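Data block below; observations after.
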Amino acid sequence: MPGNGWADEPFVASDSQVQKIVERRRSARAPVSVRVEYETVDSLFAEFSQNINEGGIFIETEAPLAIDEKVKLSFQLPGAAHAIEVTGRVARIEPAGSPTPGMGVEFDALGDSARRQIDELVRGLKTTGPEAD
């Protein structure tokens, strides 16, 4: 969008900003590609995730939503019987043209069952690696 400033120049984080981001991320991320359906007040989208943890999910897309935009998400983890449905907000954007364009969505309130599913997936991948069967 012209005139908004954020897309005009690439964002380069300082060492202290990177440290703050690393400190905020308390749990490991699992690399997982699942179909994620997400909706805003007036639109419905479907893309694929890149990674997930109990705090949020990164969705690959060439058209990320605006920072702080509220979204309702629905996705099903590998081996899960039911989809996880949760609300969240866009917390980070990697614009089109970056190595992995997309957006990081921070979950608002993840239920206990969904949190357990994600935690088990993350722990399982840390133990076996993403290529294990």
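The values are calculated or read from the model by the stated rules, or taken from the named source; none is laboratory data. Model, not experiment: these values are computed from the prediction. Don't worry about glycine lacking a Cβ; one is built from the backbone with ideal geometry, like all the others, and counts go over all protein chains shown.
Quick one: count up the residues across the range 39-64 that are of a type outside the set (Phe, Trp, Tyr) and under 12 Å from the mean Cα position of the chain (by Cα).
Of the residues in the range 39-64, 14 are of a type outside the set (Phe, Trp, Tyr) and under 12 Å from the mean Cα position of the chain (by Cα).
For beta carbons closer than 6 Å, sequence separation of 6+ or different chains, a first residue in the range 60-86 that is farther than 13 Å from SER43 by Cα and a second that is exposed (fewer than 15 other Cβ atoms within 10 Å of the Cβ) and modelled with pLDDT under 95, the qualifying pairs are GLU62/ALA96. Do the conditions hold for GLY104, that is, is it small (Gly, Ala, Ser), within 22 Å of ASP119 (Cα to Cα) and surrounded by fewer than 14 Cβ atoms within 10 Å (Cβ to Cβ)? No; evaluated as a whole, the condition is false for this residue.
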